[in-house]
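Trainee: I am attaching a structure below and will ask some questions about it afterwards.
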Amino acid sequence: MPKFSLSTKVGYFPGPDRTEHSLSPDRLHAAVEQAVRDLGREPDLVFLHNPEHSLQEAAPYSRDILAQACAALNAAAAKGLCGAWGVASWDPSPLPSLIDATVPKPSVLMVRAGLLVGTRTLDATEALAEAWGLEEGTVWGMSPFGGSTRAPIWEKSDPRVFLEGGNGFSRIQAAFRAAFHLPQVSTIAVGTDEPTHLGELLGALAGKVDERAIREYRSLLRDRLRSQPV
Ligand SMILES: NC(=O)c1ccc[n+]([C@@H]2O[C@H](COP(=O)([O-])OP(=O)(O)OC[C@H]3O[C@@H](n4cnc5c(N)ncnc54)[C@H](OP(=O)(O)O)[C@@H]3O)[C@@H](O)[C@H]2O)c1
């Protein structure tokens with residue numbers, strides 16, 4: 001454990017019937033304390049899990065509720081319960097317009113990354129990072145395969161077109177490497193139960209992404225959105 005940097009999330013609370021989302025500052029604080037007990041040490045980073053979900057339940061979207069939740073995590077970090085705090089968002093679209101000086105800035109923003117992410121989410125991520133004034137290296141990606149590498153899309157497509165000299169890599173490696181540019185992220189949270197899979201993904205980091213291909217892909221995504229009936 002001492003060799004690892006540990007991140008976890010708070011903001012959803014498994015119950016007997018359903019998982020409940022909450023941005024209540026008291027519940028968030030208690031959840032960080034619980035994480036410390038469960039992990040046996042203070043995590044390096046604690047994410048607020050999908051705040052857009054809880055904000056939607058308390059519609060209309062409330063800047064104050066978001067600000068108080070962020071302030072609770074800020075306070076937990078200041079108290080030494082975690083090294084830093086962040087926001088993880090599956091759908092950041094409603095968030096950029098809520099950000100002003102009253103909403104504390106996270107150390108890290110984590111969003112969906114990769115070839116399955118639509119143009120609205122990519123644009124919203126960039127708008128949110130700008131609204132908070134996040135520095136380079138503080139946006140992370142998650143779920144680069146959308147939860148499964150067994151989905152038919154990974155058979156049908158060949159992401160090696162996004163790598164320079166891509167033939168030396170597997171399709172999964174290429175999809176993982178391209179995910180660092182869709183949107184631009186410095187770190188990716190990926191799921192695996194297989195050490196060999198983790199090794200394969202680490203090997204992908206040697207690949208050089210063709211940024212022209214990424215720009216062309218973003219432009220195709222925008223064209224596709226524009227051509228869809230409203
Ligand atoms: N905020 C949210 O709502 C939300 C939702 C989902 C995920 N997340 C975050 O994103 C992280 C990752 O997401 P995820 O685990 O759902 O999806 P993911 O990382 O997109 O995909 C995980 C799948 O990829 C497979 N895989 C990984 N490396 C592989 C390789 N080299 N070759 C073949 N298959 C490979 C894994 O299978 P094996 O186990 O067989 O390797 C696993 O089934 C989570 O830990 C979480 O932090 C957040």
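The values are calculated or read from the model by the stated rules, or taken from the named source; none is laboratory data. Treat the numbers as computed from the prediction; the structure is a model and nothing was measured. Please note: Cβ atoms are built from the backbone with ideal geometry, for glycine as well, and neighbour counts cover all protein chains shown. These accessible areas exclude ligands, DNA and RNA; they are computed on the full protein's heavy atoms, side chains included. Shrake-Rupley method; radii C 1.70, N 1.55, O 1.52, S 1.80 Å.
Trainee: Would the range 116-128 turn up any residue that is in contact (Cβ under 8 Å) with a residue 60 or more places away in the chain and open to solvent by 50 Å² or more (accessible area, probe 1.4 Å)? Break it down stepwise before answering.
Mentor: The initial filter retains those residues of the range 116-128 that are in contact (Cβ under 8 Å) with a residue 60 or more places away in the chain, namely 117-120, 122.
Next cut, open to solvent by 50 Å² or more (accessible area, probe 1.4 Å) only: 120.
Checked the range 116-128: at least one residue is in contact (Cβ under 8 Å) with a residue 60 or more places away in the chain and open to solvent by 50 Å² or more (accessible area, probe 1.4 Å).
Trainee: Further question on the same structure: Filter the range 1-17 down to the residues that are within 15 Å of the ligand (Cβ to nearest atom) and surrounded by fewer than 10 Cβ atoms within 10 Å (Cβ to Cβ) and list them by number.
Mentor: Pass one, the range 1-17, residues within 15 Å of the ligand (Cβ to nearest atom): 4-14.
Across the range 1-17, the qualifying residues are F4, S5, P14.
Trainee: Next question. Just to be sure, is T192 open to solvent by less than 90 Å² (accessible area, probe 1.4 Å), of a type in the set (S, T, N, Q) and in contact with a Leu (Cβ under 8 Å, 6 or more places away or on another chain)? Give the steps one after another, and end with the answer.
Mentor: Numbers: open to solvent by less than 90 Å² (accessible area, probe 1.4 Å): yes; of a type in the set (S, T, N, Q): yes; in contact with a Leu (Cβ under 8 Å, 6 or more places away or on another chain): yes.
When the stated conditions are applied, T192 passes them.
So that you can scan it fast, the table gives a plain yes or no per residue for (1) surrounded by fewer than 22 Cβ atoms within 10 Å (Cβ to Cβ); (2) touching a residue at least 40 places away in the same chain (Cβ under 8 Å); (3) within 16 Å of the ligand (Cβ to nearest atom):
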| site | (1), (2), (3) |
| --- | --- |
| A31 | no, no, yes |
| G40 | yes, no, no |
| P43 | no, yes, yes |
| L48 | no, yes, yes |
| R63 | yes, yes, no |
| L73 | no, yes, yes |
| A76 | no, yes, no |
| W85 | no, yes, yes |
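Trainee: Test A124 against the stated conditions and say whether it is within 20 Å of S219 (Cα to Cα) and among the small types (G, A, S). Steps first, answer last, please.
Mentor: Details: within 20 Å of S219 (Cα to Cα): yes; among the small types (G, A, S): yes.
Answer is yes for this residue.
Trainee: Something else now. Answer yes or no as to whether L202 is over 15 Å from L122 (Cα atoms) and at pLDDT 95 or above.
Mentor: Criteria met by L202.
Trainee: Pairs only if they're at least six apart or on different chains, beta carbon under 7 angstrom, first in the range 193-217 and within 13 Å of the ligand (Cβ to nearest atom), second of a type in the set (F, W, Y) and in a helix (DSSP H, G or I); list them, first residue then second.
Mentor: L201/F176; A204/F176
Trainee: Can I ask one more? Against the conditions (1) closer than 29 Å to D44 by Cα; (2) within 16 Å of the ligand (Cβ to nearest atom); (3) of a type in the set (D, E, K, R); (4) without any contact (Cβ under 8 Å) to a residue 24 or more places away in the chain, where does E155 fall short? Just the number, please.
Mentor: (1)
Trainee: For the range 165-179: of the residues being away from the ligand (no atom under 14 Å from the Cβ) and open to solvent by 50 Å² or more (accessible area, probe 1.4 Å), which is farthest from G207 (Cα to Cα)? Talk me through it step by step, then tell me what you get.
Mentor: Keep residues of the range 165-179 that are away from the ligand (no atom under 14 Å from the Cβ), which gives 165-168.
From the residues that got through so far, the ones that are open to solvent by 50 Å² or more (accessible area, probe 1.4 Å) too are 165, 167-168.
Values: G165: 8, N167: 10, G168: 9 Å.
Going through the qualifying residues, I end up with N167.
Trainee: For the range 140-164, what are the residues that are touching a helix residue (DSSP H, G or I) at 6+ places or on another chain (Cβ under 6 Å), open to solvent by less than 20 Å² (accessible area, probe 1.4 Å) and under 24 Å from H49 (Cβ atoms)?
Mentor: G141, P144
Trainee: Continuing with this model, one more query. Please pick out the residue among L115, L109, L128 that is assigned to a loop (DSSP other than H, G, I, E, B) and either more than 9 Å from the ligand (Cβ to nearest atom) or in contact with an Asp or Glu (Cβ under 7 Å, 6 or more places away or on another chain) (or both). Show your work before the answer.
Mentor: Working: L109 fails: assigned to a loop (DSSP other than H, G, I, E, B); L128 fails: assigned to a loop (DSSP other than H, G, I, E, B).
Just a single option satisfies the conditions, and that option is L115.
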